[in-house]
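Remarks on the structure that follows.
The values are calculated or read from the model by the stated rules, or taken from the named source; none is laboratory data. Source: prediction; values computed, not measured. As a convention, Cβ positions derive from the backbone with ideal geometry for all residues, glycine included, and neighbour counts pool all protein chains shown.
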Amino acid sequence: MREAVNINIDDAVLVKQFQQGDSSAIETLILKYQDRIYNAILKICGNTDDAAELTQDTFVKVIEKIEQFEGRSSFYTWVFRIAVNLTLNYCKRGIKLRLKSLEAEGHEENGQAKGVLKELLSDDSSPEPATIAANKELYRIVLRALMRLDDSQRTVVILRDIEGMNYSQIAKVCDLELGTVKSKLSRARSRLREILEAFSR
């Protein structure tokens, strides 16, 4: 029987182990982050098959480039930057985004869920990453609204309000100035409020 993988080992230790030839270390890192990377990519690109392929591409690139990783940012931030860059480049190639896989449970909207989301978007506080996922109706509405944003706005909202990243992390992932992240997030949240108001009409 295969030995259980300990995902609680510090990322920096695992990166160093892999750079020194321990191939099991990269397996641990992949297991630690693959679900989060997949879920973030899915919310950006809107298709399960594409998200699975982009997740695989992300970790292929991680393996190819990990020798160059010097630890100036966290591994978590670095791998998200690779994933976001791959996904945004994919979206820019003009591939049609499909929403079917995100709306499998139906199209009815729940007023309470919309109210919760509006509250989450009403100020600069970042909700707990599990808040949206805990409410299936809210989750579906969020995904529908997110897909109406442009790619870059959708990305900063996902990283901030779903992944729970701080502004500095988002700036590193998206290669943006801190002020640009804040203004982009503010515009994206305003647009989301407009979209949600349209849903409720």
Original post:
Can you name the residue in segment 167-184 that is in contact (Cβ under 8 Å) with a residue 24 or more places away in the chain and closer than 16 Å to PHE80 by Cβ and, of all such residues, is surrounded by the most Cβ atoms within 10 Å (Cβ to Cβ)?
Top reply: VAL173
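Residue by residue, here is whether (1) outside the structural domain of ALA188 (by TED's automatic domain parsing); (2) of a type outside the set (Asp, Glu); (3) within 13 Å of the chain's Cα centre (by Cα) holds:
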position	(1), (2), (3)
ASP22	yes, no, no
ALA25	yes, yes, no
LEU31	yes, yes, no
ILE37	yes, yes, yes
ILE41	yes, yes, yes
ILE44	yes, yes, yes
ASP49	yes, no, no
VAL60	yes, yes, no
GLN68	yes, yes, no
Original post:
If you check ARG160, ARG187, ARG193, which single one turns out to be touching a residue at least 60 places away in the same chain (Cβ under 8 Å), assigned to a helix (DSSP H, G or I) and not polar (S, T, N, Q)?
Top reply: ARG193
Original post:
Where residues in segment 72-109 are modelled with pLDDT of 90 or more and aromatic (Phe, Trp, Tyr), which of them is surrounded by the most Cβ atoms within 10 Å (Cβ to Cβ)?
Top reply: PHE80
**OP:** Could you tell me which residue of segment 126-172 is modelled with the lowest pLDDT, considering only residues that are hydroxyl-bearing (Ser, Thr, Tyr) and closer than 21 Å to THR77 by Cβ?
**Re:** SER126
**OP:** Could you please give the count of residues in segment 31-58 that are surrounded by 19 or more Cβ atoms within 10 Å (Cβ to Cβ) and in a helix (DSSP H, G or I)?
**Re:** 14
